[in-house]
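See below for the structure under consideration.
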Amino acid sequence: MFSTVTKINQITTVMLKHFFIICSGADSDILESCSKGEQNKYAGIGATVFFTAVMAFIASSYALYTVFDNLYTSIFFGLVWGFLIFNLDRYIVSTIKKSDNFIDELLQVTPRILLAIIIAVVISKPLELKIFEKEIDQVLLEQKNDLTLANKEQIAQQFNPTINSLNDNNKALQQQIEAKEAEVNELYNTYIAEAEGTAGTKLVGKGPVYKEKRDKHDALLAELQQLKQENKAKIEANETQIALLKNDYDAQVVNTQPIINNYDGLMARVNALGELPWLPSFFIFLLFLAIETAPIFAKLMSPKGAYDFKLEDQEATVKTTVLQNKNQRDALLKTDAAINDRIYTDIESEEELYTYKRKKARELMQLQADAFFKQQKNVL
C-alpha cells in the first residue's frame, strides 16, 4: 500500500514537472538530457507562468462579472483572457536568449519587461477592486448621494422658472384683489361717515351726497366681485399647472434615479478606487509586478546553464547547415550559368542550325503575308 502511494506521488510529480516545463516554453527534448537542477529551474519558471495565468483568469472573471453580471459569460471570457496572458508570458520567457554580454541581455528583455508591467496592471486592478470592495461601496454611496442631489437640481432648473412665473402671476392677481378691496373699504367708510355726519357734509342722514357715495361704493363692489371671480379662476388654473409641473418633476426624478442607483460599473469602481489612499493599491501592484517579472529576471540573472549551451549549439548547427546549403545552391547556380554560356556560344557558330532557323523564319513570314492578304481581301 505504501509503495503504491509512493509510485502515485512520483508519477504525479513527474507529470507536474513536465507540464510546468511545457509552460516555461523550453525545449523538453533538450532538457531531458540536462541535469535535474536545470529541469527544476525551468519547471519553476513554468509554474510562475501558469499561476500568473490563473490569477489573470480570476481577476478578469471578476472584472467582467461587474460588467455583464452573468457568471457563465464572465467565466468564459475570463478563460479566454487567462489563456491569452498564459501565451504572452510563455512567449516572453521562451524568447529570452542567454548571451555572454549582460547589456545585450538587458536590451533584449527591456520590451518584455514593459509588456510584463502592462500585464501586471491589467491583472492587479480587478483584484484591487475586489479586495477594497467595501471601501469602494462607501465611496460609491457618497457619489450616488451627490449625483442624486445634483440630478434633482438639474431637473428643478427645467421646471422652476415656469413654476416661479406662475407663482408670481398668482401673487399679482391676489394683489389686484387686495387693492380693489382696499378701495371698496375706503368708499364704504366714506359713505358711512357721510350718513353719520362725521365727515363730508357733516349732515346726519342719507342725503344726496350719501346716495352718490353709496352708488359709487356699490359699483366698485360689483367690480370687486367680478375681479375675484376672474382672478380666482386664473389662480386655480395656475395652481393646476403648478401641480402638473411638480408631478412631472417628481416623475423625472423617479425615472432617472435607477440610472444613479446602477452607477456601480467597472469604470465607476475604478474611479472610486482612485479616491482611496494609493499606497495599498501600489503595493498590490508591486506584488503582481514581481510575480509577472519573476521568470524574466530569473532567466536574466541566472548564469548560462547546460540547457542554454545545448540550445545555442543546436541553433548554431541549424544556422551553419542553412548557410552551407545556401552557398552550395549559389555555387551550383553560378556553375550552371557558366556551362550554359559555353554551350550556346558553341552552338552559335554551327551552319546547320543557322540554315534550319532561316528556313523556319521564311515559312513563318510567308504565313503572315498570306494571312494579311486574306484579311485585306475580306475588308474590300
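Every read-out reported here was derived from the displayed coordinates using simple, explicitly stated rules and does not represent laboratory data. None of the values given here were measured: they were computed from a predicted structure. Cβ sites come from the backbone with ideal geometry, for glycine too, and all protein chains shown count toward neighbours.
Only DSSP H runs of four or more residues enter the estimate; each adds -39500 (n - 2.57), and after division by the residues of the chain the mean residue ellipticity at 222 nm equals -32500 deg cm²/dmol.
Shown for Ser60, Ser24, Ser74: other C-beta atoms within 10 Å of each C-beta, ranked fewest to most, produce the order Ser74, Ser60, Ser24. Pairwise Cα distances in region 23-160 exceed 20 Å in 64 percent of cases.
With springs only between Cα atoms under 10 Å, which of Tyr188, Tyr307, Tyr42 fluctuates most in a Gaussian network model of the chain? Looking only at Tyr188, Tyr307, Tyr42, the biggest GNM fluctuation is shown by Tyr188.
Kindly rank 340-347, 267-274 from highest to lowest mean number of other beta carbons found within 10 Å of each residue.
In decreasing order of mean packing, 340-347, 267-274 become 267-274, 340-347.
Centre-to-centre, using Cα atoms only, region 309-355 and region 124-196 are separated by 97 Å. Compare Glu183, Glu105, Glu239 in a GNM of the chain, Cα atoms joined below 10 Å, and give the one with the largest fluctuation. In this elastic network of the chain, the residue with the biggest mean-square fluctuation among Glu183, Glu105, Glu239 is Glu183. Applying 1/(1 + (r/R0)^6) with r as the Cβ-Cβ distance of Asn87 and Ile259 and R0 = 45 angstrom yields a FRET efficiency of 0.70.
Simple point charges give the picture: +1 on the Cβ of Lys and Arg, -1 on the Cβ of Asp and Glu, and for the chain a dipole about the Cα centre of about 1040 debye. Placing +1 on the Cβ of every Lys and Arg and -1 on the Cβ of every Asp and Glu, with nothing else charged, gives region 34-138 a dipole about its Cα centre of roughly 320 debye. Here the Karplus relation 6.51 cos²θ - 1.76 cosθ + 1.60, evaluated at θ = phi - 60°, turns the backbone of region 170-177 into coupling constants of 4, 5, 5, 5, 5, 5, 4, 5 Hz, with x for every Gly and Pro. Between Leu332 and His18, the FRET efficiency from the beta-carbon distance, with R0 = 56 Å, is close to 0.80.
Using only the Cα atoms of region 319-379, build the gyration tensor, take square roots of its eigenvalues as a ≥ b ≥ c, and label the shape rounded, prolate or oblate: rounded if a/c is under 1.5, else prolate if a/b is larger than b/c, else oblate. Taking the square roots of the gyration eigenvalues as a ≥ b ≥ c, region 319-379 is oblate. Candidates Leu364, Ile119, Ile155 compared by Cα position along the dipole of the chain: farthest toward the positive end lies Leu364, with charges placed on Cβ. Backbone amide hydrogens, once placed in the peptide plane, bring Ser99 within less than 5 Å of nothing, excluding anything fewer than 5 places away on its chain.
Each of Thr52, Thr320, Ala251 was scored by the projection of its Cα onto the charge dipole of the chain, and the greatest displacement toward the positive side belongs to Thr320; charges sit on the C-beta of Lys, Arg, Asp and Glu. Build a GNM of the chain with springs between Cα atoms under 10 Å apart, and of Thr335, Thr240, Thr13 the one that fluctuates most is Thr335.
Against the chain, whose longest principal axis is taken from its Cα atoms, helix 351-379 shows a tilt of about 40°.
At full extension, Gln324 and Gln157 could sit 51.7 nm farther apart than now, given 0.36 nm per residue minus the alpha carbon distance. Each Lys and Arg adds +1 at its Cβ and each Asp and Glu adds -1 at its Cβ; summed about the Cα centre, region 319-379 shows a dipole of about 380 debye. With all pairs of different C-alpha atoms in the average, the Kirkwood value for the hydrodynamic radius of the chain is 32.9 Å. Would you mind pulling out the separation of the Cα centroids of region 211-264 and region 40-64, in Å? Region 211-264 and region 40-64 have Cα centres separated by 69 Å.
Length gained on full extension, Lys374 to Asp137: 75.7 nm, using 0.36 nm per residue less the C-alpha separation. Averaging the sequence gap over all C-alpha pairs within less than 8 Å and six or more residues apart, then dividing by the number of residues, gives the chain a relative contact order of 22 percent. Each residue of region 50-60 was assigned a 3J(HN,Hα) from its phi angle through the Karplus curve 6.51 cos²θ - 1.76 cosθ + 1.60 (θ = phi - 60°); the sequence is 5, 6, 5, 5, 5, 5, 5, 4, 5, 5, 5 Hz, with glycine and proline shown as x.
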